[in-house]
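Contents: one structure, followed by commentary.
The values are calculated or read from the model by the stated rules, or taken from the named source; none is laboratory data. What you see is a predicted model, and the numbers here were worked out from it, not measured in a lab. When we count neighbours, we look across all protein chains shown, and the Cβ atoms used for this are built from the backbone with ideal geometry, even at glycine.
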Amino acid sequence: MYKYNGKEGCGISVAPSVSEIPKVCASFFWGLNCQHCHAFINPSTKEFIGLFKNLLDKYPTLEIRETEVQINYPAFTAKLIPLYNLYSVPEACVQGDSCTTDDDGCSSGWYCHSGAKKCIKKSTPDNACGWGIPTLIIGNKVMIGDSLITEDAETIIQNYLSMGGVSCNCTTNTDCSSGEECKNNLCKKKV
């Protein structure tokens, strides 16, 4: 008796080969001194924890490539800023209006930042807003901030798996693994 995908049967079980299973690659940008980043990665060991560990355990074909960009500032300018520009992520999303609450002068889709007392645009994976870390990029979906990553990462992973997977983002060949090259900002196997 064998069990595959929750079904029992007799005989020989043939699981799909690894090359047939869709793969999803995520690019995670974080900072050594960024407390919000530490919800996903142990800064001492660079091991994924929390949500990322759970996602990696749940989706064996998920790959998360990490880049520290706070202490390693050249990586921020060389890798993350070009990706922000590629996906049209504005550096800041602030309305000039002063506010004290969300209902106090902020347009729909904006919220009142309590410290700045300014209306800030709500970021979504399809309409990311404001450069910062942690940032997680999967395909053309950009999640900035621990809340957005926590809320949307798994759904985006599931969507890309159902569409056949997605490669890692890149700006140059050095962003890709051995045997890959950067084509149209995605790492692809060398032909």
Task: Matching residues in region 35-65 - criterion: being surrounded by 15 or more Cβ atoms within 10 Å (Cβ to Cβ) and either part of a loop (DSSP other than H, G, I, E, B) or not assigned by TED's automatic domain parsing to the domain that holds ASP152 (or both) - done: HIS36, PHE40, PRO43, TYR59
TODO: Check region 179-188 and report whether any residue there is in contact (Cβ under 8 Å) with a residue 24 or more places away in the chain and small (Gly, Ala, Ser).
DONE: no
Task: Flag if LEU32 is over 30 Å from PRO22 (Cα atoms) and surrounded by 15 or more Cβ atoms within 10 Å (Cβ to Cβ) - done: yes
Open item on the list: Take GLY139 and tell me if it is out of contact with any Ser or Thr (no Cβ under 9 Å at 6 or more places or on another chain) and small (Gly, Ala, Ser).
Closed with: no
Task: Some residue of region 149-159 being under 27 Å from LEU56 (Cβ atoms), touching a strand residue (DSSP E or B) at 6+ places or on another chain (Cβ under 7 Å) and of a type in the set (Gly, Ala, Ser) - done: yes
Open item on the list: Being part of a helix (DSSP H, G or I), modelled with pLDDT of 90 or more and on the phi < 0 side of the Ramachandran plot: is that true of LEU80 here?
Closed with: no
TODO: Sort out which residues of region 54-98 are without any contact (Cβ under 8 Å) to a residue 24 or more places away in the chain, of a type outside the set (Gly, Ala, Ser) and under 22 Å from THR124 (Cα atoms), and write them in order of number.
DONE: ASN85, ASP97
TODO: Being touching a helix residue (DSSP H, G or I) at 6+ places or on another chain (Cβ under 9 Å), part of a loop (DSSP other than H, G, I, E, B) and of a type in the set (A, V, I, L, M, F, W, C) is the filter; apply it to region 128-163 and report the residue that is surrounded by the most Cβ atoms within 10 Å (Cβ to Cβ).
DONE: ALA128
Open item on the list: Criterion first (small (Gly, Ala, Ser) and under 15 Å from CYS93 (Cα atoms)) does SER162 satisfy it?
Closed with: no
